[in-house]
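Taking it in order: structure first as structure tokens, then the write-up.
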Amino acid sequence: MQRVTVTIDDALLAALDAHAARRGYENRSEAIRDALRTALGMEEAPAADDADANRQPCIATLSYVYDHEKRELARRLTQVQHGHHDLTVASLHVHLDHGTCLEVSVLRGPADEVKQLADTVVTQRGVRYGNLHLVPAGEETHGHEHGHGHPHDHVHSR
């Protein structure tokens, strides 16, 4: 493990300490490591050029808020989702008000493909907020069934 020195202003340090106390971290280092993992979107963040790690399977949620009235945006978002149907497990659509929608998509697949899909969605003009929560996963390689005659594999978080 490496030791680093970081300079932050008093207000940010107070916010970090309050967060650490609220969540029950034993020290600042644990809180900062966890915050970095979250910010980088993975339990153990791979280097951007680590092709093997970026091809590893993951499960993820992509949540985004968008302007329903923005010209052609809903259609473009639907096209993006259909273009990556192999990554999309399920989606939830919520009308927040007359012109604003929230969507939450559950995704599964190689981490790099999931990240690319998320980037394509949240960078659309009219998407106001987007967040990808990515969890590394492994897949069982042996198929099994539950008595209904359809064998299948499972994804497990690591």
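Bear in mind these aren't lab numbers, they're just calculated from the coordinates by the rules spelled out. Since we're looking at a predicted model, the values are computed, not measured. Quick reminder, even Gly has a Cβ in these numbers, built from the backbone with ideal geometry, and neighbours come from all protein chains shown.
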query = For segment 103-119, in order, what is each residue's ³J(HN,Hα) by Karplus, 6.51 cos²θ - 1.76 cosθ + 1.60 with θ = phi - 60°, in whole Hz (x at glycine and Pro)?
reply = 10, 10, 10, 9, 10, 8, x, x, 4, 5, 6, 5, 4, 5, 4, 4, 4
Mean Cβ count within 10 Å, highest first, over the residues of peptides 100-110, 64-74, 82-92 = 100-110, 64-74, 82-92
request  = For THR100, list long-range residues whose amide hydrogen, built 1.01 Å from N in the peptide plane, is under 5 Å from its own amide hydrogen.
outcome  = HIS68
task = Taking every Cα atom in segment 1-41, find the radius of gyration and the maximum pairwise distance Dmax, and write them in Å.
result = 10.4, 27
inquiry  = Give me a comma-separated list of calculated 3J(HN,Hα) values for segment 8-19, in order, Karplus coefficients 6.51, -1.76, 1.60 applied at θ = phi - 60°, integers in Hz, x for any Gly or Pro.
reply    = 9, 6, 4, 5, 5, 5, 4, 5, 4, 4, 5, 4
